[in-house]
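Comments concern the structure below.
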Amino acid sequence: MLDFITPDPVAMHARLRPAALACIDLATGRRWSYGALDADILRAVGVLAGKGISRGERVAVIARNCVDLIVLQQALMRLGAIFVPLNWRLSRPELARLLADCTPKLVYTDFDAAPVLPEGCRLEQVSTFIDEVRAADPAPRPPRHSGFDTCIILYTSGTSGVPKGALLTSQFLLATAVNFNVLGEVDTGCVFLCDSPMFHVIGIVTQIWPPILRGGTFIVSPGFDPEATNERLGHPDWGVTHYFCVPQMAEALRHAGNFDPSRWRRLKALFTGGAPNPPSQIRWWLDRGVKMVDGYGMTETGTTLGMPLSPEMLREKAGAVGVAGPLTSVSIVDENDEEVPDGVPGEVVIFGLNVTPGYWNRPEERDRAFTPEGGLRSGDIGVRDADGYITIVDRRKDMFISGGENVYPVEVEAALIQHDAVREVAVIGIPDERWGEVGCAYIVPAPGQAPQAAELVTHCRSLIAHYKVPKDFRLVPELPRTGSGKVMKHVLRDTVRAEAAPAR
């Protein structure tokens, strides 16, 4: 059987359109055509091979966004080696644990403080890599490797508190790009603004592979800043067409002093994912002429579901995350892995070329995560409507039972966020002697606001059933989040458990 070969869209476009603009690095102002980007990748191939990097070996990165990290990732893929971007916001002990797990031969960083390295691992600065690539000659183009080989290890955000390394193959990267390109109406003239960190699947895959597959342009910023991003989206010389963010980033954009979406003239849509996006927020953006297009994916699956770019459909189906991309299929199943009818909640199970083959050093995790038929158990509860659109109801582990009734925190959060005094909210289930469990809402108030429990209860009761209304409301300055913006609800649960524990 003929093996699937590693895709290399940069090399393809270096032949098809060598002078076309491939990317811009905003921190340095440097620009690459596809011909220049391909040549730099070949220079990096020679640099890495000279350091003894070969097929299957890992190179980790603890560094902020820059185009040179894409050069590194592409060069490692051509060598058959593995790129491991790590969350630079983690503590030194946390980074040391991840490095001990993936055992890289080389670590690149742009920070001064170094974590504890595994035996035989070298630490070098990203600036050294850049200088060495500039000074090198392009290496011969290496033979293509199997598309089923792992080329990236991405550690999950760890909302459960235990990150694990998802294996991404080049088949995964290609399938994610195809799914997003079809769902997101991506063409050769596309311009993607890349703000999300490259240790996240959005940053290293979703923002990069769709434009390079189409021969478009990606613009890499050193990181998200609300005012700077508002300016970038409206920059007349760049003409950004696609921007991907988590809902919390979109909220920050609209509260920035220079928010003016009328300047985003070429933007096709603001794509969101990674966290629940209440229907009221989607309609708010539509009312201001911006198509907010929600979608669904995971570290383990990349782009899976997406909404159409039709304003009418976005308004009608607000709250849904769309339909499956062309290289994916999705089932909604019960606890016996049997398909449920439309309108009935069940676990989302994902099949397709965009699904991870497993986890680094954790074969037992793969056994737990996959069905016997090979579908990935997402852990998310979804419901499909009669038109085939899927809505994510909640994480299965976040659902709680109050008085015998299932309560999905996402639904409660969607009600609370509509209150003018609520900026952000996270709801968890906590033990209750009478009802078994009740809701506890952690609320970040809007500036200058301090909503009272009674008014929040009244507000919720006008929108959702009484048994779903939280019994406890807590005002907090911020919610604990992962590096990708997801709320770490296990931290909130730990806080409640610690409060309930008897004093020693």
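Some observations on this one:
- Of the candidates T229, T301, the single residue that is at pLDDT 95 or above, farther than 24 Å from V422 by Cβ and either more than 22 Å from the chain's Cα centre (by Cα) or surrounded by 17 or more Cβ atoms within 10 Å (Cβ to Cβ) (or both) is T301.
- Some residue of region 387-394 being over 21 Å from the mean Cα position of the chain (by Cα) and surrounded by fewer than 18 Cβ atoms within 10 Å (Cβ to Cβ): yes
- Scope region 102-130; condition β-branched (V, I, T) and crowded, with 18+ Cβ neighbours inside 10 Å; matching residues: V107, T109, V126, I130
- Remark: pairs (first residue in region 435-453, farther than 24 Å from G257 by Cβ; second residue in a loop (DSSP other than H, G, I, E, B) and of a type in the set (V, I, T); Cβ separation under 6 Å; 6+ apart in sequence or on different chains) = Y442/V476.
- Pairs meeting the criteria (first residue in region 102-131 and assigned to a strand (DSSP E or B), second residue among the basic types (K, R), beta carbons under 9 Å, at least 6 apart or on different chains) are L106/K51; L106/R58; L106/R122; V107/R122; R122/K51; R122/K105; E124/K51.
- Members of region 406-457 found to be assigned to a strand (DSSP E or B) and of a type in the set (K, R), listed by number: R423
- Qualifying residue in region 209-225 (condition: in a loop (DSSP other than H, G, I, E, B), modelled with pLDDT under 95 and within 30 Å of L327 (Cα to Cα)): no
- Number of the condition not met by G388 [criteria: (1) of a type in the set (G, A, S); (2) at pLDDT 95 or above; (3) at negative phi]: (3)
- Members of region 131-151 found to be in contact with a Ser or Thr (Cβ under 9 Å, 6 or more places away or on another chain) and at pLDDT 95 or above, listed by number: T150, C151
- Of the residues making up region 278-291, those that are in contact (Cβ under 8 Å) with a residue 24 or more places away in the chain and not in a helix (DSSP H, G or I) number 4.
- Residues located in region 461-483, provided they are within 27 Å of the chain's Cα centre (by Cα) and either β-branched (V, I, T) or surrounded by fewer than 16 Cβ atoms within 10 Å (Cβ to Cβ) (or both): V476, P477, E478, T482
- Matching residues, region 372-385, being part of a strand (DSSP E or B) and at positive phi: G379
- Selection within region 240-281 - touching an Asp or Glu at 6+ places or on another chain (Cβ under 6 Å) and of a type in the set (A, V, I, L, M): A256
- Test: residue in region 93-101 that is at pLDDT 95 or above and either buried (at least 24 other Cβ atoms within 10 Å of the Cβ) or over 25 Å from the mean Cα position of the chain (by Cα) (or both): no
For (1) in a strand (DSSP E or B); (2) modelled with pLDDT of 95 or more; (3) surrounded by 22 or more Cβ atoms within 10 Å (Cβ to Cβ); (4) among the small types (G, A, S), each residue gets a yes or a no:
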position	(1), (2), (3), (4)
P276	no, no, yes, no
V293	yes, yes, yes, no
P308	no, yes, no, no
P326	no, yes, no, no
S331	yes, yes, no, yes
E335	no, no, no, no
D342	no, yes, no, no
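- Against the criterion of being closer than 26 Å to D294 by Cβ, out of contact with any strand residue (DSSP E or B) (no Cβ under 9 Å at 6 or more places or on another chain), among the basic types (K, R) and surrounded by 14 or more Cβ atoms within 10 Å (Cβ to Cβ), K486 qualifies.
The values are calculated or read from the model by the stated rules, or taken from the named source; none is laboratory data. Please read all numbers here as calculations on a predicted model, not as lab measurements. Positions of Cβ are generated from backbone atoms using ideal geometry, with glycine treated the same way; all protein chains shown enter the neighbour counts.
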